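**Student:** This is the structure I have questions about; it appears just below.
The values are calculated or read from the model by the stated rules, or taken from the named source; none is laboratory data. Owing to the predicted nature of the structure, the values given are computational and were not obtained by experimental measurement. A quick note on method: Cβ atoms are made from the backbone with ideal geometry, for glycine too, and the neighbour counts reach across all protein chains shown.
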Amino acid sequence: MKLKNKSITFKYGMVIIIAEAIILAIFSLLSYYLITDGMESRLSQSAKVISSLINQNVLRLNLFNNPKQMKNLIGEELDSAFITNVSGDVIYSTRPEFIKKHYSQLSGVNPIWFSDTIITNRINTTIDGEDFLIFRSQLFAPGSNQKLTYGYAVIKLKASSLSVKKRTTATIFIIGSVLCVLLTSAVLLFVFRRGIVQRLNLLLAAFKEVEKGSLHVRVADDDNSDELGELQFQVNLMLVSLERRDSSLSDLQSYLSNIIDSMPSILIGVDSEGQVTQWNHEADNLTGIKSVNAIGHPFTQVFPRLAAESDNIKLAIKTRQQQISSQAYRDKNNKLKYECITIYPLTSNGIEGAVIRIDDITEQKQNEEKLRLSSLVFNDMHDGVIITDIHKIIVDVNPAFCEITGYSRDNVIGKSPTILSSGMQKNQFYNDMWGQIDRDRYWQGEVWNKKKNGDLYAEFLSISAITDENNDIINYAGIFTDITENKKHQEKLQFMAHYDVLTQLPNRALFADRFHKAIAHSDRVNMQLAVCFLDLDNFKPVNDTYGHETGDLLLIEVAERIKKSIREEDTISRQGGDEFTLLLNDIESFSQCERTLERIHKALSLPYFINGNTHNITASTGITLYPDDNGDIDTLLRHADQAMYKAKQLGRSCYQLFNTEQDLETAQKNHQLSELELALSNNELCLYYQPKVNMKTGKVFGVEALIRWIHPEKGLIPPLDFLPIIEGTELEIKVGGWVINQALQQLEDWNRQGIDLEVSVNISSQHLQSPAFFDQLNDALDKYSSINSQRLQLEILESSALGDIQAVSGIIKSCQNVLGVKVALDDFGTGYSSLTHMKNLSANTIKIDQTFVRDILDDPQDYNIIEGIIGLAHSFNREVIAEGVETEAHGIMLLIMGCDEAQGYGISRPIPAADIAGWLNNYTPNETWIAYAASNLTKQDEKITLLKLTLEKWFANITNILMTMQDSGLSDYVVRCHLAIWLNRFKQEKTFQKSWLDELKSSHDVMFSLAEQLVEKHQSGELHSVADKLKEFKLSYQNVDAILDARLHHKIAKKSFSSLISLVK
């Protein structure tokens, strides 16, 4: 409990109560001991008196036989009393049962009480857990002078009864004392409160009113002349004095506040802690914060831009020296303002602070800046400046004037500007010039003047009249620029505006002007106008190999040859690079146009001899004819450009005439390209992933990223419906880069999920050979640096190498050796030179095209191709994977042929990235593939297994068509019988015994003959005969199958293939 917050009555009351309580406690304790000791003394004395009276024969011994009288003499504490003779026998007792018994036989009596060793006659003892007080006295024979003892008197008192009496007596005494203390305290407190506290409260109330700001309050006078009365009187005198002083201070403060508020500067007072103590009216206006809301708050809070002045304020207070600074700021209208901040240290009554004065110096700063800029402009500007007085006498010039004219400043000061006159302007020119200056106060124009050395120069001159505040002219200022070189270049610029600088041919602007004139002429004379777009073939290699200088000389020669091949009224223009446009006027027929173009192409195809080297180039040209193709210049040029590209596609060095159908195709392609570009930017493209497995182990080791287009209206669009559209365009490179980044990002996401897969992405030929490809791939790998680059595989179409195999080989090696990615040749076997590609391209993996894999059970040629590819891959130590595996039978054939890795619908369709984790969790390896891979079949078992698979597929194909009465392709199935082809191979290889092969061939020939007969009858419409022969054909097939079965040795190879074949039927 905090006493400082309690009233004085409480404090002093507590002191009185505590003091009286302490006195009471001491008094009670002493009284208790005096009373209890007195009681024990009284009892002891009573016992002695009784013993003495007995010895003096005053009391009779038989008194001890009367308990009631003994209790009256001694008290209620008496337990027992008895007298013994010298022999120790009890002769008198308050308890009759003790009489005539020896004291040693008495209950509750200790014989030691009668021992001579006991010196004291008062004994404290405990018997059966109860405390007793024993008084023992010797009895002497009469007349023996207390020398002859004839017995003992014993008085036994209950100590517990004595203790209760002690406590009761003490309790009554204490209660009485407490009541006395409380009554005394109450009286004292009442007197103290009435005489002192109430008068102090009057003083306290007065001081609280003063604290609130009220100085007119007075303490009530109670006419007492004691110390408190004197204090009340002095307080009232003090309040009167304070009230008078406060009134004077208020008047002074009001006066000073009016002065401060009327000042145009902002004045802010702060204390040493940065709290605002003063805030004038100008501060209100600037900040919008009233003084009542500013005073008492940190100045950095109410005037934030002064926060930078915190250190200056502290420095001013510390050093007691004013601090001056300035700063720029933007006001509420975003106008740039400047202010000067002066901080004055202030100390009053020992309290330290500062006054901040803020003055707007924007106008001063602006004037200073104008003067500075004027000086800089005058001295540093490149234009010449000349200033004259009202009499046109030069008073000042700038350095540029001296540099342009050759005159020094001293040469011209005090002279007339006429010293510069060249004589090329007539007097009337100058009269008109000064007349306009006097009238309009301004003139500008071109003037030819003369330098100090006599050279003429042209200048663009502006003269302004400078006036005073009364609008009277006091000076003239002339500013001029030397435009002599501009004049010289003007003609050149005029030429450059309409002609190509390199070839001197009309440029686009002049060509457009000529076009409009040619159109008007064509309409007027009713003749055709040929608009041609010509592009040089093979110019880029010349430019890249021999340099731009050679390329420029070649273009100049091309321009000369074309000009010599056309008429004077025709126009040739260079559009840029190696592109030229022609306007052939007065065309009567397309044959006339063809003759001109053939003449041009022939001239351009002749050798060029430049800097000792011979160069050969050709041209491709597109033509459109007006008015058959009626449009503006942009349309006709675009059509001619499209026709030119058509000529390029047809082998170059030729020309093509534009047609509308071609334009529609181009427009449609452009629309599709725009739609696809929008799809890329709108994130409509996504990647699906098709798993790859090792059929031998069942492990999923990778996925192939396959692009899909999720169209907002058409839904999922497969890649073959949109990838051909972007082929050969810049968009193809953008999409390729997007695929690489998406695949790497997905790899990163899978890594975080604990999924370890290799991801392969398809790279187009143009993308692979584009200049940006390597950097694009490198940047993507840097972006996803947590990905091991060997987990990315680039699938490159074998056809990509058809153009420049050396260039493609270099790109592949750079990707492998520098970036660490893997490379696979995709769709292998579809190119023209697969063996060359296998040898020269360092691909890690060969991917067998699905067209071969899908028909391996049907077409022996596909089998032979795949067998050759696998053999090549193994020879060149390359990994091999097959795509298009759709059934278990496909997988078994590939495993037997030596290809362990596969992908296809028989494993999984391409699925979204989000479903890969679930697919992996639910994936079950193909037990048949694993069993075949682990079976260690003999070569004979492998070949018979292949025969059984292909034979059953062959039989199923023919039977299905015959049963459904279809006739398309039936003869093809008969011809494509694996067994017929392999029988000859088996004889050459000598893999099987000749007798078994003869038996197999004989049965095969019967089956094959029946198949031919069925096909012939089916195609001739003899459907009933077909039905009759089918059963015989089936029996012949079963006979061949039984011969093959009988030759199988391995139990795995004996497994029925019916379930496998049912999947590929």
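**Student:** It is to be established whether one or more residues within the range 517-540 are outside the structural domain of Q575 (by TED's automatic domain parsing), out of contact with any strand residue (DSSP E or B) (no Cβ under 8 Å at 6 or more places or on another chain) and among the charged types (D, E, K, R). Walk me through it before giving the result.
**Tutor:** Let us first name the residues in the range 517-540 that are outside the structural domain of Q575 (by TED's automatic domain parsing), namely none.
Checking the range 517-540: not a single residue is outside the structural domain of Q575 (by TED's automatic domain parsing), out of contact with any strand residue (DSSP E or B) (no Cβ under 8 Å at 6 or more places or on another chain) and among the charged types (D, E, K, R).
**Student:** In this structure, is D900 in contact with a Lys or Arg (Cβ under 6 Å, 6 or more places away or on another chain) and over 30 Å from W750 (Cβ atoms)?
**Tutor:** Working: in contact with a Lys or Arg (Cβ under 6 Å, 6 or more places away or on another chain): yes; over 30 Å from W750 (Cβ atoms): no.
Taking the combined requirement at face value, the residue does not satisfy it.
**Student:** Out of Q322, Q327, Q301, which single residue is closer than 27 Å to V276 by Cβ, at pLDDT 85 or above and surrounded by fewer than 16 Cβ atoms within 10 Å (Cβ to Cβ)? Quick ask: steps written out before the conclusion?
**Tutor:** Numbers: Q327 fails: at pLDDT 85 or above; Q301 fails: at pLDDT 85 or above.
Going through Q322, Q327, Q301 in turn, the sole match is Q322.
**Student:** Oh, and also: Can you tell me which of (1) in the same structural domain as S765 (by TED's automatic domain parsing); (2) free of Cβ contacts under 8 Å to residues at least 60 places away in the same chain is the one V700 doesn't meet?
**Tutor:** Answer for V700: the failing condition is (2).
**Student:** In the range 869-958, which helices (runs of 4 or more DSSP H) lie fully inside it and hold 3 or more residues that are surrounded by fewer than 22 Cβ atoms within 10 Å (Cβ to Cβ) and under 47 Å from the mean Cα position of the chain (by Cα)? Reasoning before the result, please.
**Tutor:** Numbers: elements: 888-897, 916-922, 927-933.
Qualifying helices (runs of 4 or more DSSP H): 916-922.
**Student:** Now a separate question. For I387, only one of the following conditions fails: (1) in a strand (DSSP E or B); (2) in the same structural domain as V302 (by TED's automatic domain parsing). What is its number?
**Tutor:** (2)
**Student:** So, in the range 367-394, how many residues would count as being β-branched (V, I, T) and in contact with a Ser or Thr (Cβ under 6 Å, 6 or more places away or on another chain)?
**Tutor:** Filtering the range 367-394 down to residues β-branched (V, I, T) leaves 377, 385-388, 390, 393-394.
Narrowing further to those that are in contact with a Ser or Thr (Cβ under 6 Å, 6 or more places away or on another chain): 394.
Looking only at that region, the number is 1.
**Student:** Just for the range 81-128: of the residues that are surrounded by 15 or more Cβ atoms within 10 Å (Cβ to Cβ) and part of a helix (DSSP H, G or I), which one is modelled with the highest pLDDT?
**Tutor:** F98
Condition check ((1) of a type in the set (K, R); (2) closer than 20 Å to R652 by Cβ; (3) in contact (Cβ under 8 Å) with a residue 40 or more places away in the chain) across all residues:
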position: I556; (1), (2), (3): no, no, yes
position: E588; (1), (2), (3): no, no, yes
position: R599; (1), (2), (3): yes, yes, no
position: K602; (1), (2), (3): yes, yes, no
position: I610; (1), (2), (3): no, no, yes
position: S620; (1), (2), (3): no, yes, yes
position: I623; (1), (2), (3): no, yes, yes
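**Student:** If you don't mind, another one. Which members of the range 677-695 meet the condition of being surrounded by 16 or more Cβ atoms within 10 Å (Cβ to Cβ) and either within 30 Å of T887 (Cβ to Cβ) or more than 29 Å from the chain's Cα centre (by Cα) (or both)?
**Tutor:** L687, Y688, Y689, Q690, P691, K692, V693, N694, M695 - these are the residues of the range 677-695 that are surrounded by 16 or more Cβ atoms within 10 Å (Cβ to Cβ) and either within 30 Å of T887 (Cβ to Cβ) or more than 29 Å from the chain's Cα centre (by Cα) (or both).
**Student:** Only one of D513, D482 is acidic (D, E) and not assigned by TED's automatic domain parsing to the domain that holds L650; which? So that I can check it myself, show each step before the final result.
**Tutor:** Working: D513 fails: not assigned by TED's automatic domain parsing to the domain that holds L650.
Going through D513, D482 in turn, just one is acidic (D, E) and not assigned by TED's automatic domain parsing to the domain that holds L650: D482.
**Student:** Still on this structure, please answer the following. In the range 517-528, what count of residues is obtained for those that are more than 18 Å from Q656 (Cβ to Cβ) and surrounded by 14 or more Cβ atoms within 10 Å (Cβ to Cβ)? Before you say what the answer is, go through the steps one by one.
**Tutor:** Residues of the range 517-528 that are more than 18 Å from Q656 (Cβ to Cβ), as a first pass: 517-527.
Those still in the list that are surrounded by 14 or more Cβ atoms within 10 Å (Cβ to Cβ) too: 518-519, 521-522, 527.
Residues that pass the stated criteria total 5.
**Student:** Since Q649 meets every condition but one in (1) farther than 19 Å from P541 by Cα; (2) without any contact (Cβ under 8 Å) to a residue 12 or more places away in the chain, which condition does it not meet?
**Tutor:** Among (1) farther than 19 Å from P541 by Cα; (2) without any contact (Cβ under 8 Å) to a residue 12 or more places away in the chain, the lone unmet condition for Q649 is (1).
**Student:** Name the single residue, out of those in the range 753-794 being free of Cβ contacts under 8 Å to residues at least 60 places away in the same chain and among the β-branched types (V, I, T), that is farthest from K699 (Cα to Cα).
**Tutor:** Here the answer is I763.
**Student:** Could you say whether any residue in the range 283-290 is out of contact with any helix residue (DSSP H, G or I) (no Cβ under 6 Å at 6 or more places or on another chain), touching a residue at least 12 places away in the same chain (Cβ under 8 Å) and charged (D, E, K, R)?
**Tutor:** Within the range 283-290, not a single residue is out of contact with any helix residue (DSSP H, G or I) (no Cβ under 6 Å at 6 or more places or on another chain), touching a residue at least 12 places away in the same chain (Cβ under 8 Å) and charged (D, E, K, R).
**Student:** Moving on to the next point. Quick one: in the range 855-868, of everything that is assigned to a helix (DSSP H, G or I) and among the acidic types (D, E), which residue is surrounded by the most Cβ atoms within 10 Å (Cβ to Cβ)?
**Tutor:** From the range 855-868, those assigned to a helix (DSSP H, G or I) are 860-868; that's our starting set.
Restricting the remaining residues to those that are among the acidic types (D, E) gives 862, 867.
Details: D862: 20, E867: 14.
It comes out as D862.
**Student:** Oh, and also: With over 16 Å from F460 (Cα atoms), of a type outside the set (A, V, I, L, M, F, W, C) and surrounded by 13 or more Cβ atoms within 10 Å (Cβ to Cβ) as the only criterion, which of D396, D410, D380 stands out? Quick ask: steps written out before the conclusion?
**Tutor:** Working: D410 fails: surrounded by 13 or more Cβ atoms within 10 Å (Cβ to Cβ); D380 fails: surrounded by 13 or more Cβ atoms within 10 Å (Cβ to Cβ).
Answer to the selection: D396.
**Student:** In addition: Please identify the pairs in which a residue from the range 232-247 that is modelled with pLDDT under 75 has its Cβ atom under 6 Å from the Cβ atom of a residue that is of a type in the set (D, E, K, R) and surrounded by 12 or more Cβ atoms within 10 Å (Cβ to Cβ), counting only partners at least 6 apart or on another chain.
**Tutor:** Taking only residues 6 or more apart or on different chains, the pairs are N236/R218.
**Student:** Check T550 against each of (1) modelled with pLDDT of 90 or more; (2) over 25 Å from A640 (Cα atoms); (3) over 60 Å from the mean Cα position of the chain (by Cα); (4) not aromatic (F, W, Y) and name the one condition it does not meet.
**Tutor:** Evaluating T550 over (1) modelled with pLDDT of 90 or more; (2) over 25 Å from A640 (Cα atoms); (3) over 60 Å from the mean Cα position of the chain (by Cα); (4) not aromatic (F, W, Y) leaves (3) as the failure.
**Student:** To continue, here is another question. From the list A559, A603, exactly one residue is surrounded by 14 or more Cβ atoms within 10 Å (Cβ to Cβ), assigned by TED's automatic domain parsing to the domain that holds Q642, of a type in the set (A, V, I, L, M, F, W, C) and more than 60 Å from the chain's Cα centre (by Cα). Which is it?
**Tutor:** On the way: A559 fails: more than 60 Å from the chain's Cα centre (by Cα).
None of the other options fit; the residue is A603.
**Student:** Okay, moving on. Go through the range 649-673 residue by residue and tally those that are surrounded by fewer than 16 Cβ atoms within 10 Å (Cβ to Cβ) and in a helix (DSSP H, G or I).
**Tutor:** 11
**Student:** Let me ask something additional. Is there a residue being surrounded by fewer than 16 Cβ atoms within 10 Å (Cβ to Cβ), closer than 24 Å to G288 by Cα and among the hydrophobic types (A, V, I, L, M, F, W, C) anywhere in the range 337-353?
**Tutor:** No, the range 337-353 has no match at all.
**Student:** Those residues that are in contact with a strand residue (DSSP E or B) (Cβ under 9 Å, 6 or more places away or on another chain), loosely packed, with under 15 Cβ neighbours inside 10 Å and not acidic (D, E), I need them from the range 445-461; list them, please.
**Tutor:** Step one: list which residues in the range 445-461 are in contact with a strand residue (DSSP E or B) (Cβ under 9 Å, 6 or more places away or on another chain), which gives 445-451, 456-461.
Narrowing further to those that are loosely packed, with under 15 Cβ neighbours inside 10 Å: 445-446, 456.
Selection gives G445, L456.
**Student:** Can you give me the number of residues within the range 583-606 that are touching a strand residue (DSSP E or B) at 6+ places or on another chain (Cβ under 9 Å) and outside any strand (DSSP E or B)?
**Tutor:** Of the residues in the range 583-606, the ones touching a strand residue (DSSP E or B) at 6+ places or on another chain (Cβ under 9 Å) are 583-590, 592-594, 596-598, 600-601, 604-605.
Adding the requirement that they be outside any strand (DSSP E or B) leaves 588-590, 592-594, 596-598, 600-601, 604-605.
Counting residues in the range 583-606 that are touching a strand residue (DSSP E or B) at 6+ places or on another chain (Cβ under 9 Å) and outside any strand (DSSP E or B) gives 13.
**Student:** Of all residues in the range 868-884, how many are in contact (Cβ under 8 Å) with a residue 40 or more places away in the chain and β-branched (V, I, T)?
**Tutor:** 2
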